[in-house]
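First the structure, in the form of structure tokens, and then the observations on it.
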Amino acid sequence: MYYTSLEYFEKKYDACPKEYAFQASNRKEHRAWRDAAARRLREIAGIDRCVRVQPQERCVSVTRENGRRKEYWLMQTEPGVWMPFYLLRREDDGKADGRKHPVLLNPHGHGGGKETTVDTDFAKEMADAGWYVFCPDERGSGERREFPQQSDDEAMRRGSSHRELLQLAIGFGQSVIGLAVWDLMCLLDMVQTWPDVDGERIACAGMSGGGQQTLWLSAIDERVKAAIVSGYFYGMRDSLVSLPQNCACNFVPHLWETMDMGDMGAMIAPRALFVESGEKDHLEGKRGLENVYPQVMTAKRAFALYGKADSVVHSIHDGGHEWRGDGMKEFLEREVKSIETAVEMV
């Protein structure tokens, strides 16, 4: 016989009002709600507790293949905290020729680090199309694993230190996802200083934990003009509260009292949102896609206020918890506009 608390917390969640649930009926109300909701997410995730540092970054090495440059960089995001990342771009890009390139942040999910995104067909395709594709290691993953997981063993390399990080961070009022979003925001700060980057054309795309990072970043930081969330857009009750064994990066104090994922999607309006779901994705919970549809509809209601309901795309494939990518490049080209622009040389 087992006497657990899960049912108690499920009922508590059901009875708990969401303080920042999307309810706006016009654009003015939406903007005011969005700003307040962003402040609250930054607060509960501990993002504002991160320590700003003088920017430091350096390119460590470059490899070349099939007309592309794969650059390995290091940048400091907090004092003594370093984030390795790859930049993938065409060999002939980065020259002082007046071209400004759109940016794609491509955070990885669980099961590895930046290598799981930079070596994908999607990253290569976007780089070939003229995008600067940034693939960073999330804290606790890849080269940023804490000491219990620092091993070249295959199982260790595909693991993470998110539980250890949460246990460290929570005592300071912080969270794993808050640290991840801060790092991505620092990355955006850096790339917007580059003369060959178009700071108005920034997108973010990720699968699973990468989708989580994408959703949070895009909800909070309006510099992201288009977001692609794959394998991570569903009702929190079924997918997180009822599945507490999921990674520690998902759990943030007061999140259940604040909003659901559809509300976070609504914060992205009127920019652009692409959601990819698998019919058999076990992380959607027992109800499957029925746990996804209401969240997408919440986001669509916000976009409709701006006459942009079509800027929310919901792509459903017949697989499980996996990235398919159908229509994503076309979505980015449409929503982030042209791939390259010529500017006058000053």
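The values are calculated or read from the model by the stated rules, or taken from the named source; none is laboratory data. Predicted, not measured: the structure shown is a model, and the values here were computed from it. Glycine gets a Cβ as well: all are built from the backbone with ideal geometry, and neighbour counts include every protein chain shown. Ligands, DNA and RNA are stripped out before the accessible areas are found, and what is left, the full protein with its side chains, is counted by its heavy atoms. Shrake-Rupley method; radii C 1.70, N 1.55, O 1.52, S 1.80 Å.
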(message) Counting just the Cα atoms, what span does the range 77-205 cover along each of its three principal axes? Round to the nearest Å and put the largest first.
(response) 47, 32, 22
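Could you list the GluC sites (Glu not before Pro) in the range 235-329 that lie in coil according to DSSP, counting only those with at most 13 other Cβ atoms within 10 Å of their Cβ?
279
Determine the dipole magnitude for the chain: charges of +1 sit on the beta-carbon of Lys and Arg, -1 on that of Asp and Glu, nothing else is charged, the reference point is the Cα centre, and the result goes in debye to the nearest 20. Don't jump to the answer; show the numbers that get you there.
Details: 45 positive and 54 negative charges, 162 e Å.
Using Cβ point charges on Lys, Arg, Asp and Glu, the chain gives about 780 debye.
Which order do 334, 90, 34, 163 take by accessible area at a 1.4 Å probe, largest first?
Numbers: 334 115, 90 45, 34 15, 163 150 Å².
Correct descending sequence by accessible area is 163, 334, 90, 34.
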(message) Taking every alpha carbon pair in the range 130-202, what does the distance histogram look like in 10 angstrom bins from 0, in percent?
(response) 18, 37, 28, 16, 1
(request) Would you mind counting up the charge near residue 114? Only other residues with Cβ under 10 Å from its Cβ, with Lys and Arg at +1 and Asp and Glu at -1. (result) -4
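I want the antiparallel fraction of DSSP beta bridges within the chain, as a percent rounded to 5. Intermediate results must be reported in sequence, preceding the final value.
Numbers: 25 of 47 bridges.
DSSP beta bridges in the chain are roughly 55 percent antiparallel.
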(request) Could you point to the residue in 55, 298, 134 farthest towards the positive end of the chain's charge dipole, with +1 and -1 charges on the Cβ of Lys/Arg and Asp/Glu respectively? (result) 298
(request) Mind running the shape call on the range 271-329? Use the C-alpha gyration tensor, a ≥ b ≥ c as the square roots of the eigenvalues: rounded below 1.5 for a/c, prolate if a/b tops b/c, oblate otherwise. (result) oblate
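Go through 243-255, 201-213 and give me the packing order, highest mean Cβ count within 10 Å leading.
Details: 243-255: 16.6, 201-213: 26.4.
Packing proxy ranking, top to bottom: 201-213, 243-255.
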(message) Kirkwood Rh over alpha-carbon pairs of the chain, then Stokes-Einstein at 4 °C and 1.567 mPa s: what D in µm² s⁻¹, rounded to an integer?
(response) 63
(request) For an R0 of 51 angstrom, estimate the FRET efficiency from the Cβ-Cβ distance between residue 2 and residue 39 and round to the nearest 0.05. (result) 0.80
(request) Give me the net charge of residue 303's neighbourhood, meaning all other residues with Cβ under 15 Å from the Cβ of residue 303; Lys, Arg count +1, Asp, Glu -1. (result) +4
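Taking only C-alpha pairs under 8 Å that are 6+ residues apart, what is the relative contact order of the range 207-346 in percent?
Values: 226 pairs, mean separation 38.7, N = 140.
Over the range 207-346, the number comes to 28 percent.
Would you mind checking the pairs 18/280; 18/286; 12/225; 114/308 and listing those with alpha carbons more than 30 angstrom apart?
Working: 18/280 28 Å; 18/286 22 Å; 12/225 36 Å; 114/308 33 Å.
Over 30 Å Cα-Cα: 12/225; 114/308.
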(message) Could you tell me the extents of the range 21-75's C-alpha atoms along the three principal axes, largest first, rounded to whole Å?
(response) 51, 31, 16
